[in-house]
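Below: the structure, in structure tokens.
The values are calculated or read from the model by the stated rules, or taken from the named source; none is laboratory data. Predicted model only: the values in this text are computed from it and were never measured. Quick reminder, even Gly has a Cβ in these numbers, built from the backbone with ideal geometry, and neighbours come from all protein chains shown. Ligands, DNA and RNA are excluded from the accessible area calculation, which covers all protein heavy atoms including side chains. Shrake-Rupley method; radii C 1.70, N 1.55, O 1.52, S 1.80 Å.
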Amino acid sequence: MSQDELKKAAAENALRFVKEKDVVGIGTGSTVNFFIDALAQSRIPIDGVVVSSKASMQRLMQYGFEILDPNSVVHFPIYVDGADEVNSRLQMIKGGGGALTGEKIVASLAKKFVCISDASKKVDVLGKFPVAVEVIPLARSFVAREIVKLGGDPVYRQGYVTDYGNVILDVYFSSILEPIKLEETLNNITGVVTNGLFARHPADVLLLGTEEGVKETSL
Ligand code: 5RP
């Protein structure tokens, strides 16, 4: 099976977690796009969606979903999103698509984070994929220098501006043995908006598309 077929299988499997009248949190990326398509085709009568990015919002609007303001909801049952890497503790690196800040905010509002991905994203140790760090433009060089002191190798994502007008540094670490500590340390650098480590609050469920079918892991 192709990587896209595995993503699609995981995305379609996530429909099991959506109930009538739910508000559903929606992540960003190609795997999530499969989920949006499946959700639309399922015709499950949900009460609306809370979205993590302009890109996902556009796709959802084309299907006619009701888009809810995150500020108007206290919490909702489920958030569905992909990952760039996920370990056995369901801690993730996200943000390859640059939507990490919206993703972290919307995920924080959900009772259950369902991560959907293909088998290539499963790793023993996080860190091969760079950690995206969203930075206020004024602080870009300062933050990059601070990250070098931490042992990271920051690469400016040229020409990319986030939904909130900020820039992204993609930071390479040799391996991330203490993801919670690194997530907090990066967040503490002045000028950092957020970073793509989802370790303090990992996913609750992983649906992994494999050649042997979709494998579920729950915390
Ligand atoms: C976007 C993300 C995506 O979830 C992550 O990059 C995975 O993307 P894809 O589903 O296209 O493989 O975090 O910011």
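Numbers below:
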{"quantity": "The chain, accessible surface, carbon-and-sulfur percent (1.4 angstrom probe)", "calculated": "51 percent"}
{"quantity": "Cα centre as origin, Lys/Arg/Asp/Glu Cβ charges: segment 96-185 dipole, Debye", "calculated": "80 debye"}
{"quantity": "Using alpha carbons only: equivalent-ellipsoid semi-axes of segment 1-113, gyration tensor based, whole Å", "calculated": "20, 17, 13"}
{"quantity": "Ellipticity estimate at 222 nm from DSSP helix runs (n ≥ 4, -39,500 (n - 2.57)) divided over the chain, nearest 500", "calculated": "-8000 deg cm²/dmol"}
{"quantity": "Inter-centroid distance (Cα atoms) of segment 121-136 relative to segment 28-91, Å", "calculated": "21 Å"}
{"quantity": "Counted charge near residue 90, where neighbours are those whose Cβ lies closer than 13 Å (Asp, Glu -1; Lys, Arg +1)", "calculated": "+3"}
{"quantity": "Accessible solvent surface per residue of segment 50-108, calculated while the other protein chains remain in place, 1.4 angstrom probe, Å²", "calculated": "43 Å²"}
{"quantity": "Set of lysines with alpha-carbon distance to residue 54 below 28 Å, sequence-local pairs under 8 removed", "calculated": "7, 8, 19, 21, 94, 104, 111, 112, 121, 122, 128"}
{"quantity": "Largest-first principal axis extents, alpha carbons of the chain, Å", "calculated": "50, 39, 29"}
{"quantity": "Measure of compaction for segment 1-53 (Cα Rg per 2.2 N^0.38 Å)", "calculated": "1.11"}
{"quantity": "GluC sites (Glu not before Pro) lying in DSSP loop within segment 183-219, provided at most 11 other Cβ fall within 10 Å", "calculated": "211, 212"}
{"quantity": "Whole-number percent relative contact order across the chain, with pairs defined as alpha carbons under 8 Å at least 6 apart", "calculated": "23 percent"}
{"quantity": "Heavy atoms of residue 75: accessible area, 1.4 Å probe, square angstrom to 10", "calculated": "100 Å²"}
{"quantity": "Kirkwood hydrodynamic radius of segment 89-219, Cα pairs, Å", "calculated": "15.2 Å"}
